[in-house]
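What follows draws every value from the coordinates through simple rules; no lab data is involved. No experiment lies behind these values; they were computed from the predicted model shown. Note that each Cβ is placed from the backbone with ideal geometry, even for glycine, and that neighbours are counted across all protein chains shown.
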Amino acid sequence: MRHRSRSRVIPVPARYVLLAVAAVAVAACAREPRVREYDEVVIKRSPVEAAFDGSGAAAAAPAPLVWQTPPAWQELPGDGIRLAAFRYEQGDRRVETTVVMLGGIAGGVEANVVRWLDQIGLQLTGDELAQFLAGGEQITTGDGMPLTMYDFTRLASTGGDSILAAVGPVGEQTLFVKMSGHESLVAAARTDFMSLVESLGVVGGGTS
Amino acid sequence: MLAAAIKRYPVVRLLIDLRVTVVCLALLFVLTFLGTMHQIDNGIYSAQKKYFESFFTLAAGFVPLPGAQLVLWVLVVNLAAATIYRFVYKVRRIGILIIHGGLFALFFGMFFTQYFAQESFLSLLEGEGGNVTTDYFDWEVAMWDPAGEARRVAAVDAGALAAGNAVSISRYGVELRPQRYFANAQAFSRAGGAPARWVNGSGIESLQEARVSPDPQENFPGVLLTVVHRSGSAEVLLYGADVAPASVPVEGGRLAVSLRRKHYVMPLVVRLDDFRAEFYPNSDTPSSFESDVTLSTPQFTRSARISMNHPLRHAGYTFYQASYAIDATGRETSTLAVVHNRSRVVPYVGTLVVGLGLAVHFIQTLVLRRRTRSASPPAGGAA
């Protein structure tokens, strides 16, 4: 009897072995990330989501925005969230304009402006940057979308590239219209840029 | 015998000690107070994580305290141990036993909710519908074949990629190898005409680390990863705020790959038929808003209305009218909070059982006292 009752007790070293085995098993389970598979049903997506549904084919999907391309500009195919792209050339110089939509605040206006300044080789002090941001021109598209335009050609000339950008919210997303290229051509194309921005409208817009 | 043997151990004696119960209840009081104060400046999510879902916490940044999670586990063990080893099982104590049963039901409901309940949301434009809800905090990397008729998604939690783990997706024959994960990122687009370094749906050129907000809803993660398939690989940049999936070339076609808030599948499709908001006169403050929805499965279709304080309950899911949005073009979006909790009724049952136990105990005590009084000889009397 005594011997039998002893045999039921797990010896101390064996307990450590069991614990170690359990720990290894748990760790092994934790190392293997679980892949979930499911079928997603989407009924009548919004124009925005429909336009972004799926990759390179997205270029063929209906864009959520409409616009009028300025006469002298060449329209290029869109690419995913880059809803539209345009090229304008004069001699060997050219500017490119893109219409991009990102979810949320997309990093914020200030961070993007700082990035664009870096792209054209300019650095502003904190006060200068605040002044530049505050000096953004308020414009409204024909569809009633409020945008703020930032004219980088007003800043010190670098003799190289410059940027003209219009930024504003569309629903829960942020719309970026950005023209970049040689500063003289950016300045020359300002009127066309404005007409493009003012022509922007949302597909299916209007009160439902 | 067993009870007597186990009681010999100091740890067991401590576990069944009533003083532990009192200390635990006092700690819960303190934690509730601290959590409520913490919530004022840091939000409810932070308070939940810091004081209620944690095992240990630092109050005011330097006072170590057990978290409510630990306190509640100790309380459960204390209650269970006391029920097993200290409780006197007699008919006249049946009320107390029922109360303990009710308390166990409450604890069970609480832990089941903590570990298994899903809280998510569903945002729909009028006319839209879907069978997936979206998590408030967690993210996933999802992929599907955009050429397929149905969107057959394979998804892996972003946390696995954040930990640097490679993940094989057998459905599409690819492996995801994370290079870098950003808990919160800022995205920057390519300069016009610049060659693309990363496969990305929106021309994003780079990500930069951003300060991680204590409110996780304000964070947009990003990930740089290599998608390896049988005949090659692609360098992919995914950003949480980017609604366009990356179009990744793989053997035999393309895959749409997206970093998005984690999706949960429901066994039904919810369609928003109509949304209405009414406002107080001359103000933008809504007096009420409500959604007419249709729930459908292959077996049935059901129409229902969801409004403030009038949720819709169906098959373990509860849909609350949470918020709405009207965009610049007048389109209305209704957001429903969706809670999936199979133990939803357990706390109600537990409360009823505790109430029943209290009533039984009260009646038993009353009857017993009356019997005792009537059985005992009257005080004084004839000498």
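When you look at the Cβ of every residue in B:155-168, what mean number of other chain Cβ atoms sits within 10 Å?
3
If you fit an axis through the alpha-carbon atoms of helix B:18-47 and take the longest principal axis of the Cα set of chain B, what angle between them do you get, 0 to 90°, nearest 10?
With both axes taken from Cα atoms, the answer is about 30 degrees.
Shielding by partners for A:113-124, please: the mean number of other protein chain Cβ atoms within 10 Å of each residue's Cβ.
Mean partner-chain Cβ count within 10 Å for A:113-124: 2.
Mind ordering B:24-33, A:190-199 by average Cβ neighbours within 10 Å, highest first?
The peptides rank, most packed first, as A:190-199, B:24-33.
Through the Karplus equation 6.51 cos²θ - 1.76 cosθ + 1.60, θ set to phi - 60°, convert the phi angles of the range B:339-356 into ³J(HN,Hα) values in whole Hz; use x for Gly and Pro.
10, 10, 9, 6, 9, 4, 7, 4, x, 5, 4, x, 5, 5, 5, 4, x, 5
Looking only at other chains, what is the average number of their beta-carbon atoms within 10 angstrom of each beta-carbon in B:240-252?
The per-residue average across the peptide is 5.
Considering amide H positions built from the backbone, and no H for Pro or chain starts, which residues 5 or more places from A:Ile163, or on another chain, come under 5 Å of its amide H?
Here the answer is A:Phe152, A:Thr153, since their amide H atoms fall under 5 Å of that of A:Ile163.
Apply the Karplus parameterisation 6.51 cos²θ - 1.76 cosθ + 1.60, with θ equal to phi minus 60°, to every residue of the range B:297-312 and state each ³J(HN,Hα) to the nearest whole Hz, in sequence, with x for glycine and proline.
Each residue's phi maps through the Karplus curve to give 10, x, 8, 8, 9, 9, 9, 7, 10, 10, 9, 4, 6, 10, x, 10 Hz.
Select from B:Pro146, B:Pro221, B:Pro178 the residue whose mean-square fluctuation is largest in a Gaussian network model of chain B (Cα-Cα springs shorter than 10 Å).
Result for chain B, Cα springs under 10 Å: B:Pro146 fluctuates most.
Give the peptides A:123-132, B:272-281, B:242-251 in descending order of average Cβ contacts within 10 Å, highest first.
Averaged packing, sorted descending, gives the order B:242-251, B:272-281, A:123-132.
Kindly put B:Phe319, B:Phe121, B:Phe137 in sequence by how many other C-beta atoms sit within 10 Å of each C-beta, fewest to most.
Placing the least packed residue first, the sequence is B:Phe137, B:Phe121, B:Phe319.
Once you have a ≥ b ≥ c as the square roots of the Cα gyration tensor eigenvalues for the range B:168-275, tell me rounded if a/c is under 1.5, and otherwise prolate or oblate according to whether a/b is larger than b/c.
The shape class here is oblate.
Remind me, relative contact order of chain B in percent, using alpha carbon pairs under 8 angstrom and six or more residues apart?
For chain B, the relative contact order is 18 percent.
Mind sorting B:Leu237, A:Leu122, B:Leu176 by how few other Cβ atoms lie within 10 Å of their own Cβ, fewest first?
Ascending Cβ contact count within 10 Å gives the list A:Leu122, B:Leu176, B:Leu237.
In what sequence do B:Trp198, A:Trp67, B:Trp144 fall when counting other Cβ within 10 Å, fewest first?
If I rank by nearby Cβ atoms, fewest first, I get B:Trp198, A:Trp67, B:Trp144.
For chain B, what does the alpha-carbon gyration tensor say about shape, rounded, prolate or oblate, given a ≥ b ≥ c as the root eigenvalues, a/c under 1.5 as rounded, and a/b over b/c as prolate?
Cα axes put chain B in the prolate bin.
Search the structure for amide H atoms under 5 Å from the amide H of A:Val170, placed 1.01 Å from N in the peptide plane, and list their residues when 5 or more places away or on another chain.
A:Leu175
Distance from the Cα centre of the range A:105-179 to that of the range B:335-351, in angstrom?
Distance between centres, Cα-based: 48 Å.
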